[in-house]
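Coordinate-derived values only; no laboratory data. Keep in mind it's a predicted model, so treat the numbers as computed, not measured. Heads up, the Cβs are rebuilt from the backbone with ideal geometry, glycines too, and the neighbour counts pull from every protein chain shown.
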Amino acid sequence: MTTPELRQALDIARVLLRGRDPVTSEDLAGAVERATGLYPDVPRQQLLDELERSFNVWVGPGTNIENNEDHIPWLEARRAEIRWDFWRRYELYLEQEVGLPPSVISNLDRLTDDVLGRLEDPAERPGPWDRRGMVVGHVQSGKTSNYTALICKAADAGYKLIIVLAGRHNSLRSQTQLRIDEGFLGYDTQVNRALREGHKRIGVGALRGVVHPHADSLTTSADNGDFLTREARRFAGHLGQIPIVLVVKKVKSILESLNRWCAAQEAGRSLPLLVIDDEADDASINTRALPLDEDDRVDPDHDVTAINGAIRKLLHSFDQSAYVAYTATPFANIFIQAGVTSERHGEDLFPRSFITNLPAPSNYVGPARVFGAHEGDGALNMVRPVTDWREWMPDQHKKDHRPEELPASLQEAVRTFVLTCAARYARGQNTVHNSMLVHVTRFTAVQNRVAEQLQEELDFLVRRLRRGDEQAERSIRDELQDLWMRDFVPGLEQPLGWEAVQSALLPAAQKIRVKTINGTAADTLEYYEKRHVGVSVIAVGGDKLSRGLTLEGLSVSYYLRASRMYDTLMQMGRWFGYRPGYLDLCRLYTTPDLIDWYTHVTVANEELRRDFDEMAARGMTPQDYGLRVRTHPAGLTVTAVNKMRSGTKMRVSFAGTISETVVFHRDPARNGRNRQAVERFLQGLPGPQPEDTLHNRVLWRGVPGTSILDLLSQFSVHEDSRRVRPELLGRYIEQRLGDGELTDWTVALLSNSRGDEGTLTLAGQEVGWLKRTAMESSSAGRISIRRLVSPTDEQVDLNAEQLDEAMALTRERWQLSSTRTTRAAPTTPGGEAIRTVRDRRNGLLLLYPIRTHEEGPDGLVNVTEVMGFAISFPDSRLAQTVEYVVNNVYWETEFIEA
């Protein structure tokens with residue numbers, strides 16, 4: 001079977017299923033029957049699998065927080081009169097050529113309508129206006145498709161000048177321009193800057209039977225295709241007649257030239273301008289300190305960073321402008337100080353008008369699925385710990401480092417990639433792109449040496465596959481078969497026999513090329529130029545791989561670079577995204593420390609998104625969100641991108657949050673002292689009532705807040721427990737006690753009712769040790785787990801009325817949530833809802849006797865006994881923040897790159 005035949009059968013089936021929502025199994029079976037009637041060589045099961053992947057995708061709603069001062073709603077009134085030619089063409093392209101699931105396209109339509117409606121009417125809103133918004137997506141989740149759709153709709157509505165700020169490197173700018181060429185312009189800007197008769201149509205321009213509206217571009221997808229004043233001069237007469245788009249790098253010289261050109265256009269100042277800032281947390285942020293005058297106000301003549309100033313000047317020079325920032329890591333943008341202006345540059349880029357939180361489709365493979373955000377998550381089994389790299393690539397190596405023999409883990413990763421390419425070939429995916437990422441150093445010279453080593457390894461494998469293994473103890477095919485059977489077969493989504501894979505090994509391996517990614521347009525053009533035959537590439541790179549650049553068909557990643565900054569870690573995760581038909585073949589080889597950090601960032605990021613949804617439900621504004629994140633204990637450690645340094649005062653609030661210990665000492669003496677502290681604490685409480693002594697927990701009610709303070713003062717937590725610091729928790733509780741809150745506590749001692757981990761006695765209560773699995777990144781001095789608290793633990797002391805109220809609130813928030821990925825409604829109350837309905841006087845302390853399990857290098861399981869605790873704080877309208885100083889050492893230890 002060939003891929004073109006499958007594609008034609010898929011096109012027919014999709015047409016037959018168009019407009020059906022939901023699509024039933026009977027609908028799918030009928031479409032397969034008719035399509036295979038026309039293409040009998042297409043295997044029915046494979047066609048059905050492809051259709052199910054498309055039509056069973058589900059997308060939740062987006063959420064918004066907004067400030068509509070000086071905004072005039074307009075879209076609903078004008079919708080019927082707008083022709084929507086650009087959008088209808090792009091919509092059809094996404095369906096027919098890209099093959100996006102119908103639910104994804106419908107949701108894209110709704111979401112971009114929502115963003116467009118929050119801008120101003122470019123055709124009928126008179127006078128000056130200025131809208132500033134931000135769209136928060138997920139890494140590698142389709143943000144480019146989202147803003148391409150927004151550009152199409154904005155052009156239909158009347159925006160005539162559209163500027164896309166696309167990263168800092170030629171490779172990303174070129175890739176973005178290619179997407180705009182395909183999705184908006186409809187012609188190849190490398191060949192022509194403007195569409196004329198006989199010019200090469202691509203993407204939406206190649207569709208038949210649709211209206212082809214006209215737009216021009218002042219930039220091209222070529223390596224030297226960025227904005228040039230001499231090229232732009234001949235387009236000056238077109239301004240205001242047709243939509244004109246520019247895709248430019250965030251580079252000082254380019255933006256200064258663009259500003260000068262815009263200022264020279266007499267008709268330009270009155271045009272409605274739309275600026276799309278891709279990767280808006282990178283380079284766009286002003287990281288310079290804001291000087292204060294004698295009245296403690298920001299000096300209006302303050303200086304700013306070059307890129308930030310150029311973007312602000314561009315917006316400030318137009319009477320009517322809309323700025324939409326796109327990012328998956330919005331932390332720096334949220335911490336821009338709202339309302340700051342400069343006489344030379346205008347207002348800063350805080351998204352004061354709106355922030356939109358994009359949902360991820362159910363087929364998106366994000367951090368939560370790769371690393372697991374909760375105990376028991378991580379079913380993908382995609383991550384492979386690497387422990388043998390230090391001799392080959394030391395953490396602190398210099399730019400002249402010359403790595404010697406490849407470590408065994410990287411040799412295995414290369415073999416894994418060969419197997420993946422062969423397996424995809426055997427599945428009929430023989431004209432698709434395949435990529436392997438190798439990101440181990442930031443130095444170009446070292447990258448080049450790594451590329452040479454990988455080429456040597458690949459050549460060696462190809463020779464052995466082609467000529468045999470007379471001098472080897474084992475044949476390469478036997479080695480690959482062992483790896484296939486051990487690491488792939490147990491997790492395959494679809495059965496695939498070794499014979500089929502083996503027959504594809506040599507053609508798959510011979511197709512692979514090794515290349516370095518150096519930031520030029522050529523890095524992305526090969527994917528585009530060979531899109532009909534597919535390329536297989538091992539891409540070796542560093543910093544230029546860390547933002548925006550998409551490696552098509554990425555299946556195997558080998559990643560050693562260490563960064564403790566949240567946004568950098570997430571952006572370097574090129575392995576996130578969509579993997580239709582080959583997710584079960586994907587692998588990530590990385591260090592135990594990075595696995596630990598990614599897991600930590602994933603939990604923090606998910607908490608921030610849930611916090612966003614809650615604020616949207618309460619009708620709060622973007623400025624409220626910035627302040628809320630500043631004072632949220634879960635948000636504390638994600639502020640590193642703000643480049644804070646010495647003596648920074650931080651304020652946190654614990655209202656409506658849960659704090660739990662997930663990092664523990666290995667030291668038995670410390671753990672023993674914590675257990676003794678808990679023993680003394682519980683012995684000092686009045687005995688629990690019989691009805692509160694159950695098989696899985698024991699409750700003490702009516703515990704005074706001062707007793708909780710006493711326990712916290714005696715409890716020792718690991719220094720890496722940044723978000724569970726007893727001194728901060730204690731200071732917050734003291735404040736709440738002063739306002740008459742947190743006076744009446746419930747203490748719950750959790751127990752394993754099965755007793756399969758053994759039992760212990762605390763304050764006369766026999767309880768079973770709870771089991772938690774230690775993460776592979778646990779080090780010699782500490783043990784880490786994913787989660788301490790189980791989903792239902794926070795409801796242990798709620799009465800029936802509170803449970804009903806929390807359940808209703810959970811369902812209500814679920815309906816509005818941007819983070820949900822299933823159609824099924826929740827069946828138990830969520831933690832946020834429980835903390836909302838909990839009485840303000842009633843705190844909950846959860847105590848966990850834990851036995852952690854981890855597999856040692858000798859294969860034996862090591863068990864460590866620790867005491868963990870969690871505090872569930874009710875919401876509070878009176879809550880104040882707790883202030884403390886974060887010094888330079890803290891930030892550098894926690895966040896600065898190694």
Give me the net charge of His345's neighbourhood, meaning all other residues with Cβ under 11 Å from the Cβ of His345; Lys, Arg count +1, Asp, Glu -1. -2
Label Glu679 and Val533 with points 7 Å out from Cα along Cα→Cβ: what is the distance between them in nm? 7.5 nm
Checked against a 31 Å limit on the C-alpha separation, the offending pairs among Lys143/Lys313; Lys160/Lys530; Lys399/Lys515 are Lys160/Lys530
Proxy reagent accessibility, fewest Cβ within 10 Å first, across Leu6, Leu185: Leu6, Leu185
Relative contact order for the chain: what percent, with Cα pairs under 8 Å and sequence separation of 6 or more? 13 percent
Could you pull out the longest piece of the chain with no exposed loop GluC sites (Glu not before Pro) in it, calling a site exposed if DSSP puts it outside H, G, I, E, B and it has at most 14 other Cβ atoms within 10 Å? 494-718
Local electrostatic count at Val248 - Lys and Arg +1, Asp and Glu -1, tallied over other residues with Cβ under 12 Å: +1
Work out how much length Lys771 to Ala500 would gain on full extension: take 0.36 nm times their residue separation and subtract the Cα-Cα distance, in nm to one decimal. 93.3 nm
Taking the Cα centroid of region 756-809 and of region 349-374, what is the distance between the two, rounded to the nearest whole Å? 27 Å
Plugging the Cβ-Cβ distance of Arg390 and Val15 into 1/(1 + (r/R0)^6) at R0 = 45 Å yields, to the nearest 0.05, a FRET efficiency of 0.20
Quick one: net charge around Ser257, please, counting Lys, Arg +1 and Asp, Glu -1 for every other residue with C-beta under 14 Å from its C-beta. +4
Please work out, to two decimal places, the log10 of the ratio I(q)/I(0) at q = 0.18, 0.19 Å⁻¹ from a Debye calculation in which every Cα of region 83-208 carries one identical scatterer. -1.09, -1.20
If N is the residue count of region 211-310, its Cα Rg over 2.2 N^0.38 Å rounds to 1.33
Compute the length gained on full extension between Arg110 and Leu483: take 0.36 nm times their separation in residues and subtract their Cα-Cα distance, giving the result in nm to one decimal. 129.7 nm
Subtracting the Cα-Cα distance of Leu75 and Gln45 from 0.36 nm times their residue separation yields 6.4 nm
When Ser106, Ser713 are ordered from fewest to most other Cβ atoms inside 10 Å of their Cβ, what list results? Ser713, Ser106
Checking the cross-link filter: which aspartates and glutamates have an alpha carbon closer than 17 Å to that of Lys398, excluding same-chain neighbours under 8 positions apart? Asp543, Glu897
Just want the answer: with Cβ charges of +1 for Lys and Arg and -1 for Asp and Glu, which residue in Thr148, Leu483, Trp261 is farthest toward the dipole's positive end in the chain? Trp261
For an R0 of 22 angstrom, estimate the FRET efficiency from the Cβ-Cβ distance between Ser790 and His853 and round to the nearest 0.05. 0.85
Can you give the Rg to Rh ratio of the chain, both from alpha-carbon atoms, with Rh computed by the Kirkwood formula? 0.97
Packing-based exposure ordering (other Cβ within 10 Å, fewest first) of Asp41, Asp487, Asp282, Asp156: Asp41, Asp487, Asp156, Asp282
Equivalent ellipsoid semi-axes, region 397-475, via Cα gyration tensor eigenvalues times 5, rooted, Å: 26, 19, 10
Pop the C-beta distance of Arg288 and Asp319 into the FRET formula with R0 = 25 Å and round what comes out to the nearest 0.05. 0.35
Summing -39500 (n - 2.57) over every DSSP H run of at least 4 residues in the chain and dividing by its residue count gives a helix-only mean residue ellipticity at 222 nm, to the nearest 500 deg cm²/dmol, of -11000 deg cm²/dmol
